[in-house]
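The values are calculated or read from the model by the stated rules, or taken from the named source; none is laboratory data. As the structure is a prediction and not an experimental result, all values here were calculated from the model. Cβ sites come from the backbone with ideal geometry, for glycine too, and all protein chains shown count toward neighbours.
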Amino acid sequence: MSKKATFVWCIGLGLLDGIYCVICSFIPHVQNYMWIGFISLPIYFCGGAQLKELPRYFLCAASGVGWGALTLFVMGLGLIANASVNMLVIVTVIVTVCCFVHLGLLTEDKLGGLFSNCPMVFGGFAAIFSQGMAEAFWVILTLTLGLVLGWIMGAIAGPIGKLIDGNKLS
């Protein structure tokens, strides 16, 4: 894609981000979580934003929300009196298990790699970790909206390139 086509595409990206924000601002409760879509958006978009990969990214985001919720739950049990040590031990153990599950057990050869995108797992983990378990539905919804936005952004690149550049390769 030429620089001219890239510039036009970037205008489209900015416009899509603005539309996403406006839409979210009109949806009760989602307006408070629209920023979470910007966690999944770059992970998916930079991963190629291929429609066939969307289910994989969604499942990994939802898994991350689950791992984060489990971490919050276990931390809340207060198994260790010192809060910092409690967090250190629990986060270390759960993240170790999470990484081994997603990087070791559920790799590309297992389940078609549906759960093997660790960046997206950690995107979901971070989002629920910041909002708390009670907001899991909204977190998953806005992560999903970010994935859809990323797909749309990726999908408009080709047509813009063809419109601006024609058939030439730049």
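Which condition number does residue 107 fail, the rest of (1) of a type in the set (Val, Ile, Thr); (2) surrounded by fewer than 18 Cβ atoms within 10 Å (Cβ to Cβ); (3) modelled with pLDDT of 90 or more being met?
Only one criterion in (1) of a type in the set (Val, Ile, Thr); (2) surrounded by fewer than 18 Cβ atoms within 10 Å (Cβ to Cβ); (3) modelled with pLDDT of 90 or more is unmet by residue 107, namely (3).
Being among the polar types (S, T, N, Q), under 30 Å from residue 9 (Cβ atoms) and out of contact with any strand residue (DSSP E or B) (no Cβ under 7 Å at 6 or more places or on another chain): is that true of residue 71 here?
The answer is no for residue 71.
How many of the residues in segment 120-135 are under 13 Å from residue 39 (Cα atoms), small (Gly, Ala, Ser) and in contact with a Leu (Cβ under 8 Å, 6 or more places away or on another chain)?
Count: 3.
All but one of (1) under 18 Å from the mean Cα position of the chain (by Cα); (2) within 22 Å of residue 13 (Cβ to Cβ) hold for residue 103; which doesn't?
It fails just one condition, (2).
Check residue 5 against each of (1) touching a residue at least 24 places away in the same chain (Cβ under 8 Å); (2) assigned to a helix (DSSP H, G or I); (3) surrounded by fewer than 18 Cβ atoms within 10 Å (Cβ to Cβ) and name the one condition it does not meet.
(3)
With respect to residue 97, is the statement that it is of a type in the set (Val, Ile, Thr), farther than 16 Å from residue 152 by Cβ and either in contact (Cβ under 8 Å) with a residue 40 or more places away in the chain or assigned to a helix (DSSP H, G or I) (or both) true? It would help to see each step written out before you state the result.
Numbers: of a type in the set (Val, Ile, Thr): yes; farther than 16 Å from residue 152 by Cβ: yes; either in contact (Cβ under 8 Å) with a residue 40 or more places away in the chain or assigned to a helix (DSSP H, G or I) (or both): yes.
Against the criterion (of a type in the set (Val, Ile, Thr), farther than 16 Å from residue 152 by Cβ and either in contact (Cβ under 8 Å) with a residue 40 or more places away in the chain or assigned to a helix (DSSP H, G or I) (or both)), residue 97 qualifies.
State which residue is surrounded by the fewest Cβ atoms within 10 Å (Cβ to Cβ) when the search covers only segment 122-167 and only residues that are without any contact (Cβ under 8 Å) to a residue 24 or more places away in the chain and outside any helix (DSSP H, G or I).
167
Determine whether residue 23 is surrounded by 12 or more Cβ atoms within 10 Å (Cβ to Cβ), closer than 15 Å to residue 123 by Cα and within 19 Å of the chain's Cα centre (by Cα).
Taking the combined requirement at face value, the residue does not satisfy it.
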